[in-house]
Amino acid sequence: MSTFLDLPPLGAARFAAIEDQVAELLQTRADVIVTQGEALLPLEAAIRSAAHPGSTALNIVTGPYGQTFGNWLRDCGSKVVDLAVPFSTAVTAGQVAEALAGRPEIDFVSLVHAEAATGNTNPVAEIADVVREHGALLMLDAVASVAAEPLLTDAWGVDLCVIGGQKAMAGPAGVSAVSVSDRAWERILANPAAPRRSYLSLLDWKERWTDAGRTVLPHAPAQLEMLALGACLDRIEAETLAGTIARHRAAAAATRAGVRALGGFSLFVPADRDAAPVATTIRTPPGVDATALVAGLDPALPIQAGGGALAGGMLRVNHYGRAATLDTVLACLTALAGLAPDADGVTEAAEAAWTAALAG
């Protein structure tokens with residue numbers, strides 16, 4: 001314990017170097033601000049910086065975070081158009097294009113890349129093309145997708161890209177980051193309602209840190225969390241980003257193949273193309289309460305009941321970060337197989353899918 005407490009202060013140069021590592025991970029040349037809090041901090045900061053009374057936002061709802069974004073946008077005085085799809089699917093670029101065509105005044109779009117809570121993922125590249133053609137800003141919640149699937153911030157034209165370290169990155173939850181494009185800065189600078197002298201202020205960070213040359217930190221950093229973020233970025237670099245993504249893809253494929261081999265259970269997100277690589281959600285058999293089922297499992301397994309209205313009938317197998325391994329997937333499937341009426345071939349199916357995914 002004293003080793004952690006007695007570390008020398010984290011300097012501005014090390015802080016800036018970690019920001020640069022985040023920028024490389026996001027494949028962006030835009031400004032990156034590492035925020036000293038969980039990812040809800042930059043998500044709310046991005047919305048409150050870019051949204052304002054008189055603006056109109058398209059809020060894409062494919063899970064619970066989309067619902068939260070809509071509430072924040074309304075709090076900012078924006079007119080909000082919600083595009084909601086069933087949580088067991090993904091939104092399509094065609095649906096987004098239709099929504100934008102019907103409301104040409106839309107100037108801001110909020111989207112979640114992968115929804116760990118519901119196990120779905122959205123086709124950001126195609127959606128971003130549509131948003132860019134319309135001329136709106138795109139804010140992307142990539143907390144669950146970063147390091148688990150491709151995230152090409154600049155190539156796709158994402159204006160505000162928010163990440164956290166606690167899922168596929170296998171890092172800390174106490175720090176997060178947002179990249180801000182030049183178009184987004186123009187919008188924020190022109191917004192008189194953008195937070196200033198506030199923990200939610202991106203403009204304060206821009207003026208006091210980024211534009212000032214990143215030589216003097218504006219306040220004491222969350223030192224241990226920042227060092228942990230740097231360590232997990234180093235680990236991703238050592239494995240390679242492509243390797244980390246492949247491992248998550250294989251974990252998802254193996255889990256889904258195993259669930260299909262289980263009798264009684266079924267996939268909450270049926271289509272593989274809509275499935276997130278960080279978590280697989282599963283419908284429990286009729287009459288089986290998910291919360292009660294999880295209570296009887298080994299608490300070390302990354303299995304939990306769904307949240308809210310889904311708590312009774314949905315399980316979530318989290319295979320992200322350090323849990324994105326074949327051994328962990330097999331342990332989860334073995335636990336569920338003991339509750340299934342017919343579970344022959346589960347291990348074989350999962351192992352074959354893992355191998356095929358890595359080979360592909």
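The values are calculated or read from the model by the stated rules, or taken from the named source; none is laboratory data. Given the structure is predicted, the values throughout are model-derived calculations rather than measurements. Every residue, glycine among them, receives a Cβ derived from its backbone with ideal geometry; neighbour counts consider all protein chains shown. Keep in mind that these areas ignore ligands, DNA and RNA; they rest on the heavy atoms of the full protein, side chains included. Shrake-Rupley method; radii C 1.70, N 1.55, O 1.52, S 1.80 Å.
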Is there a residue in segment 174-187 that is more than 23 Å from residue 38 (Cβ to Cβ), crowded, with 18+ Cβ neighbours inside 10 Å and either aliphatic (A, V, I, L, M) or at pLDDT below 95 (or both)?
-> no
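Could you say whether any residue in segment 235-247 is in contact with a Ser or Thr (Cβ under 8 Å, 6 or more places away or on another chain) and at pLDDT 95 or above? Outline the logic, then answer.
Initial filter on segment 235-247 (in contact with a Ser or Thr (Cβ under 8 Å, 6 or more places away or on another chain)): 236, 247.
Okay, now just the ones that are also at pLDDT 95 or above, so 236, 247.
Yes, segment 235-247 contains a residue that is in contact with a Ser or Thr (Cβ under 8 Å, 6 or more places away or on another chain) and at pLDDT 95 or above.
Could you list, in sequence order, all residues of segment 64-81 that are among the hydroxyl-bearing types (Ser, Thr, Tyr) and open to solvent by 40 Å² or more (accessible area, probe 1.4 Å)?
Taking segment 64-81 as the starting set, the residues that turn out to be among the hydroxyl-bearing types (Ser, Thr, Tyr) are 65, 68, 78.
Those that are among the hydroxyl-bearing types (Ser, Thr, Tyr) and open to solvent by 40 Å² or more (accessible area, probe 1.4 Å): 65, 68.
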Identify, by number, the condition in (1) more than 24 Å from residue 176 (Cβ to Cβ); (2) touching a Ser or Thr at 6+ places or on another chain (Cβ under 9 Å); (3) among the aliphatic types (A, V, I, L, M); (4) open to solvent by less than 10 Å² (accessible area, probe 1.4 Å) that residue 100 doesn't meet.
-> (2)
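Is there a residue in segment 9-30 that is among the aromatic types (Phe, Trp, Tyr) and touching a helix residue (DSSP H, G or I) at 6+ places or on another chain (Cβ under 6 Å)?
Filtering segment 9-30 for residues among the aromatic types (Phe, Trp, Tyr) gives 15.
The next check asks that each one be touching a helix residue (DSSP H, G or I) at 6+ places or on another chain (Cβ under 6 Å); those that pass are none.
Taking every residue of segment 9-30 in turn, none turns out to be among the aromatic types (Phe, Trp, Tyr) and touching a helix residue (DSSP H, G or I) at 6+ places or on another chain (Cβ under 6 Å).
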Got a number for residues in segment 26-58 being open to solvent by 20 Å² or more (accessible area, probe 1.4 Å) and either among the aliphatic types (A, V, I, L, M) or part of a helix (DSSP H, G or I) (or both)?
-> 5
Name, by its number, the condition in (1) open to solvent by 30 Å² or more (accessible area, probe 1.4 Å); (2) β-branched (Val, Ile, Thr); (3) at pLDDT 95 or above that does not hold for residue 269.
-> (1)
Could you please give the count of residues in segment 116-138 that are closer than 26 Å to residue 306 by Cβ, assigned to a strand (DSSP E or B) and either touching a Phe, Trp or Tyr at 6+ places or on another chain (Cβ under 7 Å) or of a type in the set (Phe, Trp, Tyr) (or both)?
-> 1
Looking for whichever is open to solvent by less than 20 Å² (accessible area, probe 1.4 Å), in a helix (DSSP H, G or I) and of a type in the set (Gly, Ala, Ser) here; the options are 228, 252, 246, 238. Which one fits?
-> 252
Check off (1) within 23 Å of residue 88 (Cβ to Cβ); (2) open to solvent by 40 Å² or more (accessible area, probe 1.4 Å); (3) under 21 Å from the mean Cα position of the chain (by Cα); (4) not β-branched (Val, Ile, Thr) for residue 339 and give me the number that stays unchecked.
-> (3)
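Quick check, is residue 347 hydroxyl-bearing (Ser, Thr, Tyr) and closer than 27 Å to residue 246 by Cβ?
Working: hydroxyl-bearing (Ser, Thr, Tyr): yes; closer than 27 Å to residue 246 by Cβ: yes.
Considered against the rule, which asks whether it is hydroxyl-bearing (Ser, Thr, Tyr) and closer than 27 Å to residue 246 by Cβ, residue 347 comes out as yes.
Regarding segment 173-180, can at least one residue be identified that is among the hydroxyl-bearing types (Ser, Thr, Tyr), in contact with a Gly (Cβ under 8 Å, 6 or more places away or on another chain) and not in a loop (DSSP other than H, G, I, E, B)?
Step one: of segment 173-180, the residues among the hydroxyl-bearing types (Ser, Thr, Tyr) are 176, 179.
From what is left, the residues that are in contact with a Gly (Cβ under 8 Å, 6 or more places away or on another chain) are 176.
Filter once more, so that each one left must be not in a loop (DSSP other than H, G, I, E, B): 176.
Yes, because at least one residue in segment 173-180 is among the hydroxyl-bearing types (Ser, Thr, Tyr), in contact with a Gly (Cβ under 8 Å, 6 or more places away or on another chain) and not in a loop (DSSP other than H, G, I, E, B).
For segment 103-122, name all the residues that are among the hydrophobic types (A, V, I, L, M, F, W, C) and either surrounded by fewer than 16 Cβ atoms within 10 Å (Cβ to Cβ) or closer than 12 Å to residue 58 by Cα (or both). Step through it out loud before you land on a result.
So the first thing to find is which residues in segment 103-122 are among the hydrophobic types (A, V, I, L, M, F, W, C), and the list is 106, 108-109, 111-112, 114, 116-117.
Correct list: 106, 108, 109, 111.
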Using the structure shown, decide if residue 197 is on the phi > 0 side of the Ramachandran plot, surrounded by fewer than 12 Cβ atoms within 10 Å (Cβ to Cβ) and not β-branched (Val, Ile, Thr).
-> yes
Within segment 203-211, can one find any residue that is buried (at least 18 other Cβ atoms within 10 Å of the Cβ), at pLDDT 95 or above and assigned to a loop (DSSP other than H, G, I, E, B)?
-> no
Check whether at least one residue in segment 147-164 is modelled with pLDDT of 95 or more, open to solvent by 30 Å² or more (accessible area, probe 1.4 Å), in a loop (DSSP other than H, G, I, E, B) and more than 26 Å from residue 245 (Cβ to Cβ), and report yes or no.
-> no
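Checking the condition open to solvent by 10 Å² or more (accessible area, probe 1.4 Å), among the hydrophobic types (A, V, I, L, M, F, W, C), out of contact with any Lys or Arg (no Cβ under 7 Å at 6 or more places or on another chain) and over 30 Å from residue 170 (Cβ atoms), which residue from 125, 84, 17 passes?
Details: 125 fails: over 30 Å from residue 170 (Cβ atoms); 17 fails: over 30 Å from residue 170 (Cβ atoms).
Result of the check over 125, 84, 17: 84.
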